[in-house]
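Colleague: Please see the structure below; I have some questions.
The values are calculated or read from the model by the stated rules, or taken from the named source; none is laboratory data. Small disclaimer: the values here were computed from a predicted structure and weren't measured. Cβ: placed from backbone, ideal geometry, glycine included. Neighbour counts: every protein chain shown.
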Amino acid sequence: MALAGAGMLLFALGLAVFAPLLAAEDPRRALLATSYAIYAAPSAQHWLGTDDAGRDVLSNLIFGARVSLTVGFFASFISVAIGGSIGMLAGYAGGATDRALMRFTDVVLVIPDLPLAIVLVALTKPSLFNIILVIGLVGWTGTARLVRAQTLAVKQRKFVHRARAVGASDWRIITRHIFPLVLPLLVVNTVLVISLAILEESALSFLGLSDPTTVSWGQMLNYAFSRGATSSGAWWALLAPGAGIVWVVLGCTLLGYGLEQILNPRAKAHHLMRQAAPQTSAAQSASSAPADALLEVRGLSVDFVAPQQPPAHAVQDLSFALRPGEIMGLVGESGCGKTTLILSLLRLLPAAGRITAGQVLYRGRNLLALPEAQLAAVRWKEIAIVFQGAMNALNPLLPVGRQIAEAVERHDPAATNAAVARRVGELLEQVGIPAARGRQFAHQYSGGMRQRAMIAMALACDPKIIIADEPTTALDVIIQAQILELLNTLRQRLGLAVIFVTHDLGVVAEICDTVLVMYGGVAAEYASVDAVFNQPQHPYTRALLAAFPDFSRQQNALVSIPGQPPRLHALPPGCRFAPRCSSAVAQCHAQQPRLLRVGAEHYASCHLLQPTLPAGGAIPQPA
Amino acid sequence: MNTPLLEVRALHKHFAAGPAAWFQPQPVVRALDGVSLQLQRGEVLALVGESGCGKSTLALTITGLEAATHGTILFAGEEMQRSNKARLRALRRQMQMIFQDPYESLNPLMRVAEIVEEPLLVHSIEPAPAARRARVLRALEDAGLKPAQEFAARLPHELSGGQRQRVVIASALVLQPALLLADEPVSMLDVSIRAEILNLLAALRAQHGIAVLFITHDLSSAAALADRVAVMYLGRIVELGPAAQVLHNPLHPYTRALQAAVPVANPRQRHRRVVLQGETPNPAQIPAGCRFHPRCPLAEAQCKANDPQLHMVAAGHSAACLLLEQK
């Protein structure tokens, strides 16, 4: 799109620059010579016919490009320079300067452009220079607002704070840190301002306010209209300049939008999307599920696909089981596939995610094979998710209680208003919020209370399982302790099973029954919380524990893990932890280890471990 | 007695909280409400407290990014508010700030070498390009980015979180500061990388004698790095003393509540903790008397009336609690 636009503009520019070579006659000299052929139809001699004075329309069109483009470029240069400076100054200085400049901008914006330009041009002599100046001086307001908004946004960013902390001058901060980040937007804006300026020039010329000694497209239209082109059916005299204007403006617009897409590459669609059921064979693994398992995941694999790239194996061959009232900790560093795993349980993966294998059995039913309508009945009602940062997801315009009521009503559409209100009160009390505060809005809640409200919302349909993605990460320790207590109480009172996603080992030790340690999309270790903390088997689990500052004992220096977690689209060929593992042997770099049963209810995937029992497709079932 | 590297005396920072109603006094948030502390050369002082307690404001006020409402800041014995502009710049050069979010604190369009070089340009140090380059590379190596040559040419998006935080640290080290003000430098990082940055800060102190004011809400990180710990609550320091004592044998009821709330990474030590109820009150409405009394499980009548000051309770260990004064 940018290329097409740029090509169109370059063509027009070429016409303007080489006008004397391309045009059959110079319109400035040709006035007398051809007066016999007024409004001659297009012919071999005059490809686009002649105008009211018998001049060649094609030549006029070519020469007209000069004026239009000159006005467009110079006027937009003036208005972008003025608008850019005012916007940046207002955005950067803030306070009284900002208010004064922006009120001034608002005043200029309120004055209609075209009438003002007409008055100004009429007052001054209608010359090319005056037209450029007037269009430039009138049209900067949009740029000023845009640049101010972008400057404000960039100014808040941490690296600007840091530059200031270092002692950088305002000038340096503006030129080195703010301007380069405003520039892409300014470039896009400039292209669009050029097209506006060209339109404005055409309008002014059409109204007869152009320099009569030059030829411009607007002026051609003006002459054609006022001198009987319509009545004599000389469509070419109108169509040609009109097409010229459309050509250039369309070129600018295409270039502008094209540039915007190149310069501001927005993230590819990453919203949650419903997934089609994967093609998996039901008889994949012999079932030895614990009879009391509420949720059982078998051999789940998820890929992320992108065009021209090998698929990223975000989750591979993952299995676990969850019983009623059990809290399972899902631990791992960022990018290890935790969030992908929990999203795939309910087929809520982003568009690029594909479930390639495995089963998710909820009470014996494979959720991955269910039709969408039946799955919808399970989502939220049976298994609810509290997303990461969900406490910022409350609607600021609705009372919190009302938002919980919506969840209740969806669960039970037949409920009376009184019943819904009673249920909302119950839910709030259950998470430790006085029922009366349901009438308040999210901004009247503290961070901890908002998180409680989100949990209340998740409880609205009496789910059996809550999946909580980093529910306490942004909270202070005391609030975190309160939320952990709350989850523990709910588990005891309601028999809720919880999948608790976190990277905080302290929290895991505090509240979880079982732990699944993920690394690079696979299960590194899966066991009871006691086994994971006191007899960790996988080198990664051990390294993680050594790197964690344990508050309870005075310890030696922390041992960091060298290197960094693998990227999912460039996984090592062997064990995913091998590049960072201090005890890795040759086999570890070559072959991926299987999940071994290393204890009664203890599983780990490491070549250095000896299985105590054959793993053979058994479903892990730690107590 | 040697002069402390940094001394803060009765520092106040008040913000206007929203527009004043007619005929009403302007509501004021007392983000810092009389903070005093000292930091020796080569010492790591952890400043812990919940969000909104004023710990970040303290760092911003010390570096001069926020102007103090009143109070004194002395750097190596020099009063900063009385210094002229040139002197102030020279003093501030010796204290460098490290921000929380390594993903946001680097300009995405600048190469690592340019980012680390910037403080030198700003302060017109090492005008010769070759010497400047050498100094940049040395700072990168000190921050553990080796080979420095290779990292110097990278752009921020080509680095991992831990490496970015190292670049931030390198750009602070390049000025050879005597003091680092590290505002939650590890809270955005993964566990395995967190240890790496904490160890780096410890190494910088050991090798270069750099003092660190380590601001964190994570008591575990404070325990791993700090010599002394100051606990802040609603704009005041409520307990200050050696790290081992403050964290493992806290005296102030608030510090005790904080300590009890820290999850213990050992499932065999699960405890029914006494969770402190409620949340930190709005700093625009600081309670009268002891500011902690509405949440304090031990509060007595006198706590509502009298505002306790920080006082010595053991050698080098002080707390602001009326109940401790009586002993």
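Colleague: Could you go through the stretch B:263-275 and let me know if any residue there is within 26 Å of A:ARG452 (Cβ to Cβ), surrounded by 22 or more Cβ atoms within 10 Å (Cβ to Cβ) and of a type outside the set (S, T, N, Q).
Modeller: Of all residues in the stretch B:263-275, those within 26 Å of A:ARG452 (Cβ to Cβ) come to B:263-265, B:267, B:270-275.
Applying the additional criterion that residues be surrounded by 22 or more Cβ atoms within 10 Å (Cβ to Cβ) yields B:263, B:265.
Adding the requirement that they be of a type outside the set (S, T, N, Q) leaves B:263, B:265.
Yes, that holds for at least one residue.
Colleague: State all residues of the stretch B:278-304 that are within 28 Å of A:ILE327 (Cα to Cα) and more than 8 Å from chain A (Cβ to nearest Cβ); if no residue qualifies, say none.
Modeller: Here is the first cut: in the stretch B:278-304, the residues within 28 Å of A:ILE327 (Cα to Cα) are B:278-279.
Of everything in the stretch B:278-304, just one residue is within 28 Å of A:ILE327 (Cα to Cα) and more than 8 Å from chain A (Cβ to nearest Cβ), namely B:GLY278.
Colleague: OK, next. What are the residues in the stretch A:309-367 that are part of a strand (DSSP E or B), surrounded by 23 or more Cβ atoms within 10 Å (Cβ to Cβ) and on the phi > 0 side of the Ramachandran plot, if any?
Modeller: Passing the criteria: only A:GLY358.
Colleague: Now for a different question. Please report, ordered by residue number, the strands (runs of 3 or more DSSP E) entirely within the stretch B:12-118 with at least 2 residues that are surrounded by fewer than 20 Cβ atoms within 10 Å (Cβ to Cβ).
Modeller: Numbers: elements: B:28-39, B:44-48, B:70-75, B:95-98.
The qualifying strands (runs of 3 or more DSSP E) are B:28-39, B:70-75.
Colleague: Looking at this structure, is B:SER187 modelled with pLDDT under 90, under 22 Å from B:GLY54 (Cα atoms) and out of contact with any Ser or Thr (no Cβ under 8 Å at 6 or more places or on another chain)?
Modeller: Working: modelled with pLDDT under 90: yes; under 22 Å from B:GLY54 (Cα atoms): yes; out of contact with any Ser or Thr (no Cβ under 8 Å at 6 or more places or on another chain): no.
Criteria not met by B:SER187.
Colleague: Next up: Do we find a residue being of a type outside the set (Gly, Ala, Ser), under 25 Å from B:ALA202 (Cα atoms) and within 14 Å of chain A (Cβ to nearest Cβ) anywhere in the stretch B:76-90? Explain how you work it out, then say what you get.
Modeller: As a first pass, look at the stretch B:76-90 and keep what is of a type outside the set (Gly, Ala, Ser): B:78-82, B:84-85, B:87-89.
Still in the list and also under 25 Å from B:ALA202 (Cα atoms): none.
No, there is no match, as no residue in the stretch B:76-90 is of a type outside the set (Gly, Ala, Ser), under 25 Å from B:ALA202 (Cα atoms) and within 14 Å of chain A (Cβ to nearest Cβ).
Colleague: Further question on the same structure: Identify all residues within the stretch B:220-243 that are farther than 30 Å from B:GLN285 by Cβ and more than 7 Å from chain A (Cβ to nearest Cβ); write none if there are none. It would help to see each step written out before you state the result.
Modeller: Going through the stretch B:220-243, the residues farther than 30 Å from B:GLN285 by Cβ turn out to be B:220-221, B:223-228, B:242-243.
B:LEU225, B:ALA226, B:ASP227, B:ARG228, B:PRO242, B:ALA243, listed by residue number.
Colleague: Could you check the stretch A:154-172 and list, in sequence order, the residues that are within 10 Å of chain B (Cβ to nearest Cβ) and part of a helix (DSSP H, G or I)?
Modeller: So the first thing to find is which residues in the stretch A:154-172 are within 10 Å of chain B (Cβ to nearest Cβ), and the list is A:154, A:156-169, A:172.
Correct list: A:VAL154, A:LYS158, A:PHE159, A:VAL160, A:HIS161, A:ARG162, A:ALA163, A:ARG164, A:ALA165, A:VAL166, A:ARG172.
Colleague: Look through B:ALA128, B:ALA178 and report the one residue that is closer than 25 Å to B:ARG41 by Cα, more than 8 Å from chain A (Cβ to nearest Cβ) and of a type in the set (A, V, I, L, M). Break it down stepwise before answering.
Modeller: Values: B:ALA128 fails: closer than 25 Å to B:ARG41 by Cα.
Among B:ALA128, B:ALA178, only B:ALA178 is closer than 25 Å to B:ARG41 by Cα, more than 8 Å from chain A (Cβ to nearest Cβ) and of a type in the set (A, V, I, L, M).
Colleague: Additional query: Residues that are more than 18 Å from A:SER560 (Cβ to Cβ), away from chain A (no Cβ under 12 Å) and hydrophobic (A, V, I, L, M, F, W, C): does the stretch B:114-123 have at least one? Outline the logic, then answer.
Modeller: First, the residues of the stretch B:114-123 that are more than 18 Å from A:SER560 (Cβ to Cβ): B:114-123.
Checking the rest, the ones that are also away from chain A (no Cβ under 12 Å) come to none.
Looking through the stretch B:114-123, none of the residues is more than 18 Å from A:SER560 (Cβ to Cβ), away from chain A (no Cβ under 12 Å) and hydrophobic (A, V, I, L, M, F, W, C).
Per-residue answers, yes or no, for (1) in contact with a strand residue (DSSP E or B) (Cβ under 9 Å, 6 or more places away or on another chain); (2) surrounded by 21 or more Cβ atoms within 10 Å (Cβ to Cβ):
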site	(1), (2)
B:LEU159	no, no
B:VAL186	yes, yes
B:ASP190	no, yes
B:GLU196	no, yes
B:LEU200	no, no
B:GLY209	no, no
B:LEU234	yes, yes
B:LEU247	yes, yes
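Colleague: Only one of A:ALA468, A:ALA407, A:ALA460, A:ALA415 is touching a helix residue (DSSP H, G or I) at 6+ places or on another chain (Cβ under 9 Å), free of Cβ contacts under 8 Å to residues at least 12 places away in the same chain and of a type in the set (A, V, I, L, M, F, W, C). Can you tell me which?
Modeller: Numbers: A:ALA468 fails: free of Cβ contacts under 8 Å to residues at least 12 places away in the same chain; A:ALA407 fails: free of Cβ contacts under 8 Å to residues at least 12 places away in the same chain; A:ALA460 fails: free of Cβ contacts under 8 Å to residues at least 12 places away in the same chain.
Of A:ALA468, A:ALA407, A:ALA460, A:ALA415, the one residue that is touching a helix residue (DSSP H, G or I) at 6+ places or on another chain (Cβ under 9 Å), free of Cβ contacts under 8 Å to residues at least 12 places away in the same chain and of a type in the set (A, V, I, L, M, F, W, C) is A:ALA415.
Colleague: With the requirement that a residue be in contact with a Leu (Cβ under 9 Å, 6 or more places away or on another chain) and modelled with pLDDT of 85 or more, what does the stretch A:380-400 give you? Spell out how you get there, then give the answer.
Modeller: First, pick out the residues of the stretch A:380-400 that are in contact with a Leu (Cβ under 9 Å, 6 or more places away or on another chain): A:380, A:383-385, A:391, A:400.
Residues satisfying the conditions are A:ILE383, A:ALA384, A:ILE385, A:VAL400.
Colleague: Would you confirm whether any residue within the stretch A:445-460 is exposed (fewer than 15 other Cβ atoms within 10 Å of the Cβ) and either over 25 Å from A:ALA497 (Cα atoms) or away from every other protein chain (no Cβ under 14 Å) (or both)? Step through it out loud before you land on a result.
Modeller: Step one: of the stretch A:445-460, the residues exposed (fewer than 15 other Cβ atoms within 10 Å of the Cβ) are none.
Among the residues of the stretch A:445-460, not one is exposed (fewer than 15 other Cβ atoms within 10 Å of the Cβ) and either over 25 Å from A:ALA497 (Cα atoms) or away from every other protein chain (no Cβ under 14 Å) (or both), which makes the answer no.
Colleague: Is one or more of the residues making up the stretch A:409-426 touching a Leu at 6+ places or on another chain (Cβ under 9 Å) and buried (at least 22 other Cβ atoms within 10 Å of the Cβ)? Quick ask: steps written out before the conclusion?
Modeller: Taking the stretch A:409-426 and keeping what is touching a Leu at 6+ places or on another chain (Cβ under 9 Å), we get none.
Checked the stretch A:409-426: no residue is touching a Leu at 6+ places or on another chain (Cβ under 9 Å) and buried (at least 22 other Cβ atoms within 10 Å of the Cβ).
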